[in-house]
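Heads up, the thing below is written out as structure tokens.
The values are calculated or read from the model by the stated rules, or taken from the named source; none is laboratory data. Model, not experiment: these values are computed from the prediction. As a convention, Cβ positions derive from the backbone with ideal geometry for all residues, glycine included, and neighbour counts pool all protein chains shown.
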Amino acid sequence: MRQFGTFCRGLKRRFVRIPNDFCFHSERIKVSRFDGIRPFLEPWLLMTRRSICILLVGAFFMTSFVMASGLASAQTKKPEATKTTAPAKATTPAKPQQPAPAAETPAQPIQLGSFGSWAVYASDTANGRVCYALAMPKDRQPAGLIRDQAYLFVSSRPQENVREEISFVLGFPPKDGADAQLVVGKTTYVVSTKAQGNAWLKTPKDDSAAIELMKKLPQIQLKVTSKRGNALTDIYVMAGLVQALNQVKRACP
């Protein structure tokens, strides 16, 4: 029991409120009075001592935790206020550049008249005025072959000093390197062909002679070998050629 009294005084020193009489009398209790109940009393006293120690240890750790949390919150920096930047000064949009003027396109041909199988057109180009009479073939042989439209032109270009030049649009690609034949009555003129399907008299000096013969004949024939090897013939009617060429001369003097 002396041990219990010592323990009691130790608890008082650790701020445990225990009545003085309890500790005082506990020291003076004679051991002989408790000899009969000592085996039952000691386990209870031991359990009480352990419980009080556990409570004290828990209170100590709880106090330490609260103090540490307070210090941590006190040391935490106050978040800085976000700086607001002034909106960028509005700039006026750049003035759009004016598009460059489009290049002048050649004027569309103007029909000046129609005479028999012929029509007369004039067109103003960068190289000057061009006037021409044109005709389409009346007959195409063999008839079963499909071809694009063909034309015969008699053109004048005064700025280039060209008068009554004969030319053709074949409507199909000719055989490479092969010449065509323009049959005017009993006279045959050699025609030079191009891969794009265009053709001219091989000798430019023959144009005027061929034109004079064409004025006197009802029709002429153009014989060409196609790129596929077919022998093709286009027949042009000369009715109205004289009137058409007169109109060309008036439009392009």
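Odds and ends about this structure:
- Which numbered condition THR187 misses (of (1) over 27 Å from ASP124 (Cβ atoms); (2) in contact with a strand residue (DSSP E or B) (Cβ under 7 Å, 6 or more places away or on another chain); (3) exposed (fewer than 14 other Cβ atoms within 10 Å of the Cβ); (4) of a type outside the set (Phe, Trp, Tyr)): (2)
- Any hit, the range 222-236, residues being surrounded by 13 or more Cβ atoms within 10 Å (Cβ to Cβ), assigned by TED's automatic domain parsing to the domain that holds PRO137, without any contact (Cβ under 8 Å) to a residue 40 or more places away in the chain and assigned to a strand (DSSP E or B): no
- Restricting ALA195, ALA239 to those that are surrounded by fewer than 14 Cβ atoms within 10 Å (Cβ to Cβ), more than 21 Å from ARG129 (Cα to Cα) and assigned by TED's automatic domain parsing to the domain that holds ARG140 reduces the list to ALA195.
- Selection status of LEU245, out of contact with any Pro (no Cβ under 6 Å at 6 or more places or on another chain), modelled with pLDDT of 95 or more, assigned to a strand (DSSP E or B) and surrounded by 16 or more Cβ atoms within 10 Å (Cβ to Cβ): no
- Condition met for ASP207 (over 22 Å from VAL120 (Cα atoms), acidic (Asp, Glu) and either touching a Pro at 6+ places or on another chain (Cβ under 9 Å) or in contact (Cβ under 8 Å) with a residue 24 or more places away in the chain (or both)): no
- Scanning the range 108-141 for residues that are aromatic (Phe, Trp, Tyr), in contact (Cβ under 8 Å) with a residue 24 or more places away in the chain and touching a strand residue (DSSP E or B) at 6+ places or on another chain (Cβ under 6 Å) yields TRP118, TYR132.
- Where ARG147 falls short, out of the listed (1) surrounded by 16 or more Cβ atoms within 10 Å (Cβ to Cβ); (2) under 47 Å from the mean Cα position of the chain (by Cα): (1)
- Residue count, the range 173-212 (criterion: on the phi > 0 side of the Ramachandran plot and out of contact with any helix residue (DSSP H, G or I) (no Cβ under 7 Å at 6 or more places or on another chain)): 2
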